[in-house]
């Protein structure tokens, strides 16, 4: 079973937000105290969920809850971004991480073509 840790980057693979880059905040089990007493289809559908934030629409206070099977974790993190991922306390930190990773991706793609 995969485990996700706080600060990892992930891309949404399914849903209306497909292709969106997020920072993983935490992993949580499929069942919660809010869902006690729900219908049996939800019990069968329970699985691992991951809380995600992008710093804009999905903030640290209101993260997106997404099934773990619907995200892809980014394992290769550039050295300049790694220190930033240890100190995520504000939405501005999340936005900065995502901005720097996007810039790194663009830079590496354009650098490969030359």
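The values are calculated or read from the model by the stated rules, or taken from the named source; none is laboratory data. What you see is a predicted model, and the numbers here were worked out from it, not measured in a lab. So basically every Cβ, Gly included, is an ideal-geometry build from the backbone, and we count neighbours across all protein chains shown.
Laid out as a table, the results:
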| read-out | value |
| --- | --- |
| Any hit, segment 8-18, residues being at pLDDT below 90, buried (at least 18 other Cβ atoms within 10 Å of the Cβ) and either under 20 Å from residue 103 (Cα atoms) or in contact with a helix residue (DSSP H, G or I) (Cβ under 7 Å, 6 or more places away or on another chain) (or both) | yes |
| Failed condition for residue 43, given (1) at pLDDT below 90; (2) closer than 14 Å to residue 7 by Cα; (3) loosely packed, with under 13 Cβ neighbours inside 10 Å | (2) |
| Residue, surrounded by the most Cβ atoms within 10 Å (Cβ to Cβ), within segment 64-98, restricted to residues that are in contact with a strand residue (DSSP E or B) (Cβ under 7 Å, 6 or more places away or on another chain) and farther than 18 Å from residue 19 by Cβ | 88 |
| Of the criteria (1) at pLDDT below 95; (2) at negative phi, which one residue 22 fails | (1) |
| Residue match in segment 83-90 (condition: assigned to a helix (DSSP H, G or I) and touching a helix residue (DSSP H, G or I) at 6+ places or on another chain (Cβ under 8 Å)) | yes |
